[in-house]
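Report on one structure; see the data block that follows.
The values are calculated or read from the model by the stated rules, or taken from the named source; none is laboratory data. Since this is a predicted model, take the numbers as computed values, not measurements. Note: ideal-geometry Cβ built from the backbone for every residue, glycine included; neighbour counts use all protein chains shown.
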Amino acid sequence: MHDEGLEDGTRRLDLPEDADRDRGAEPSGPSAAQRVRRVSGAVGRGVARGGNAAFVGARRFTHSGGAGESGLSRLLELHAFNTAGDAAVAISLAGTLFFTVPTDEASGQVALFLVLTMLPFAVVAPLIGPFLDRFRRGRRWAIGATLAIRAFCCWVLAGSVADESATFFLAALGCLVSSKAYGVTRAAAVPRLLPREFTLVKANSRISLTGTAAAAISAPLAGLGATIGAEWSLRYAFLLFVVGTILAILLPPKVDSSEGEEQVELSPTGEVTRGIVIPRAVVNALRSNSGLRLLTGFLTIFMAFSLREPPASMGWDHNATILLGLVVGGAGAGNTIGVVLGNLLRSRPPEIVVVAVLVLDVVVLAAVSLAFTWWTAVLLGVTVGLCQSLGKLSLDALIQRDVRESIRTSVFARSETLLQLSWVIGGMAGIGLFTIDATPRVGLLVISGVLVGWLAWVVARARARPTEPGPAAP
């Protein structure tokens, strides 16, 4: 090694030839670890920017149109966490009893579990409305309780999901019952938080879109956790429900106000039973929506198990779970399309729309039962989601338009209870047909006959003249 002078007066240090070769062997650019760090940093910054943009966009959506000032934005955020949590629970339990029990053994075990799950809500649902009427100043706590119960149940499920013990079934039961109770308790709060620029239809459309978006974001995250273990996605659901509980308690105090409100009772057919007469159009809309919900409950239970082993006539040769995902995804897409169409069809009379969607549901159901293939099953899912969404928006529009303000909140809450019970009845019908090993085609034909009779009754009642006309609510 020797030094050699350079023209500018500096000195150069010559290295041995071996060192030159070693140095030449080193990469002239950044090392692999450095490149990984740079790529990871760029991805992290991109995700952060995307997340921040999504948060800003979501907040702008929930607070627009005066929703931020009225407090509706807080209810939207609460509903997002509720829907995200429900999606996580559904994905967490998808790999447990529902899909692991062999088909030959599933009939008795699954039917027993679902009956035990549905029956308590059939008893609890009629009591929720009177409870809210008696303790109206506790609506925030009632909503929060439905979320807190699910948070507790999810934590219990996470510890018992592996052995599916009695604790597992009781916790799953608590999740379902409290989820249904949430729908009724939230319904009672919506009219109290309407901005001046909003109608009930617009508010519920925004709530539906918020819930759909939240479920779409939460489902992949829950699925990622479920790949590690169902207990992790259940813990994720626990966190979502905890945040939702806090948001429920922080709802504006006017949610608890009952100033100027009266109570009203609805019979299972939508009739008013306590001397206050509401317009027939609202009652007819309740009857139509009951049929729509009955079909939704039936398909949710019956198809979920019937499609575990799709019949050869369906022409489906791939994974059965993918087919079920397509049907469920079709229903979700139909629901979103219905929300969009609901805003576009605001000029159409809702009393006509609500009957039209029931007719469409029955026609498509009858056609699919006669030509049952995998793509007609997906079409049925889209149609059911679309019709249920449009039917509910039409019902909301009629309640907003025709029911006087003093009983509007009570009618709205009672209607939610009636619709939830219709879902339960449909689910029980699905359990019964699944228990007797009815094929998908036979099951759809049976429910088609039931809904054809229900549609005929709804139309006949809508066309009949009232025998004792009462004062129409302004």
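Please enumerate the residues belonging to segment 235-258 that are buried (at least 16 other Cβ atoms within 10 Å of the Cβ) and more than 22 Å from the chain's Cα centre (by Cα). Listed by number, the residues that qualify are P252, V255, D256, S258. Give the residue, chosen from A214, A219, A187, that is under 19 Å from the mean Cα position of the chain (by Cα), under 21 Å from V403 (Cβ atoms) and outside the structural domain of L390 (by TED's automatic domain parsing). Going through A214, A219, A187 in turn, the sole match is A187. Within the bounds of segment 304-321, is there any residue that is closer than 26 Å to G211 by Cβ, at pLDDT 85 or above and buried (at least 21 other Cβ atoms within 10 Å of the Cβ)? The answer is no; no qualifying residue exists. Residue count for segment 266-302 under the criterion of being modelled with pLDDT of 55 or more, over 21 Å from E351 (Cα atoms) and over 27 Å from the mean Cα position of the chain (by Cα): the result is 0.
A quick yes/no check of all residues on (1) in a loop (DSSP other than H, G, I, E, B); (2) in contact (Cβ under 8 Å) with a residue 12 or more places away in the chain; (3) over 21 Å from I337 (Cβ atoms):
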| residue | (1), (2), (3) |
| --- | --- |
| A187 | no, yes, yes |
| R196 | yes, yes, yes |
| A203 | no, yes, no |
| R206 | no, yes, no |
| A214 | no, yes, no |
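Here is a check on your reading of the model: is A219 closer than 27 Å to S160 by Cα and of a type in the set (G, A, S)? So A219 passes the test. Taking every residue in segment 278-290 that is at negative phi and pairing it with any residue that is β-branched (V, I, T) and not in a helix (DSSP H, G or I), at least 6 positions away or on another chain, the pairs with Cβ-Cβ distances below 7 Å are I278/V272; I278/V403; V282/V403; R287/T269. Looking only at residues of segment 140-181 that are under 20 Å from T300 (Cα atoms) and touching a Lys or Arg at 6+ places or on another chain (Cβ under 8 Å), we find that the one that is surrounded by the fewest Cβ atoms within 10 Å (Cβ to Cβ) is G174.
Out of curiosity, is V403 aliphatic (A, V, I, L, M), touching a residue at least 40 places away in the same chain (Cβ under 8 Å) and in contact with a strand residue (DSSP E or B) (Cβ under 9 Å, 6 or more places away or on another chain)?
no
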